[in-house]
Structure formats: C-alpha cells, structure tokens
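The values are calculated or read from the model by the stated rules, or taken from the named source; none is laboratory data. These numbers were taken from a predicted model, which means no experiment stands behind them. Calculation scope for accessible area: heavy atoms of the full protein, side chains included, ligands and nucleic acids excluded. Shrake-Rupley method; radii C 1.70, N 1.55, O 1.52, S 1.80 Å.
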Amino acid sequence: MEEMSVYELLHANTLQAVAEGHKASFCLEDTSCDEGYNRRYACTSHTQGLSPGCYDTYNADIDCQWIDITDVSPGKYILKVTVNPKRNVLESNFANNVVRCDVHYTGRAAHLSGCQTSS
C-alpha cells in the first residue's frame, strides 16, 4: 500500500497544511497487543492483518515515518494523522482513524499535547 497513513502538520490558526508525509506499508502484523489479547498475524508466517486490541509499531528510524519540518517556522500547529485514508483495509469501524494533536514547535523541539481521536 502506498499510503497506510497520512501525516499532516497544519497551521493552528489557518488549518492550512505546512508540511506533509505518509507511511507506506508492505506488511501489517500484530507486533504487540494489550493485556487479554493475543497476537494472530505475523509477516514471518505470511499472514497479514491487525487483530482487535493489537497494534503494528515501527522504530522511529525507519524511512517514511516522519514529516520534514526543515522549512517550518516555530509556532503552534496541529498534527493530523489519518490511518487507512483510502479505506483499502477492511475495518469494523472507521470512526477512530484520525488523531489530532496540538503541537508547539520551538525551532529545536516539538511538544505534543491534547491528542484526540475522531473520524
């Protein structure tokens, strides 16, 4: 999948995108699960998917999991992450596929707060 998720950095006042990125996917698997849930899918066993209560996580150093903010000025922004934006992966509920977080970018660090899930 060319876009498993889309990352948008929006200016807090205008909601205009100032930077964007995306996450490509080559395999979906249960890397970890909440207590009471079991891993069912693993790329090494040639089964793909995400089980309820489980998630697929990646290290921060894997390419295409970031937004280039080189030209972004310090200020207040909103990070909007949309998972499965084209609904290529079947889900029982698409209502929790968007997360928005407040971002305060100092020019040296980005501080996130107030994250909320929506559709």
| field | Reachable lysines from Lys23, criterion Cα separation under 23 angstrom, eight or more residues apart if same chain | value | Lys80, Lys86
| field | 1.4 Å probe accessible area per residue over the chain, in Å² | value | 69 Å²
| Extension gain, Ser32 back to Thr70 (0.36 nm per residue minus Cα-Cα distance, nm) | 10.4 nm
| said: Just to verify a number: what accessible area does Leu28 come out at with the full protein assembly present, 1.4 Å probe, Å² rounded to tens? | reply: 20 Å²
| field | Listed candidates (1) 25, 18, 14; (2) 29, 15, 14; (3) 57, 13, 9 - label of the one calculated as semi-axes √(5λ) of the Cα gyration tensor in Å | value | (2)
| task | Springs between alpha-carbon atoms under 10 Å, Gaussian network over the chain: tell me which of Glu35, Glu20, Glu91 tops the mean-square fluctuations. | result | Glu35
| query | Can you list the HN-Hα couplings for the range 41-54, worked out from phi with the Karplus curve (6.51, -1.76, 1.60; θ = phi - 60°), rounded to whole Hz and with x for Gly and Pro? | reply | 10, 8, 4, 5, 9, 6, 10, 10, x, 10, 7, x, x, 10
| task | Enumerate the amide H contacts of Ser5 below 5 Å, restricted to partners 5 or more residues apart or on another chain; note that Pro and chain-start residues carry no placed amide H. | result | Lys23, Asn84
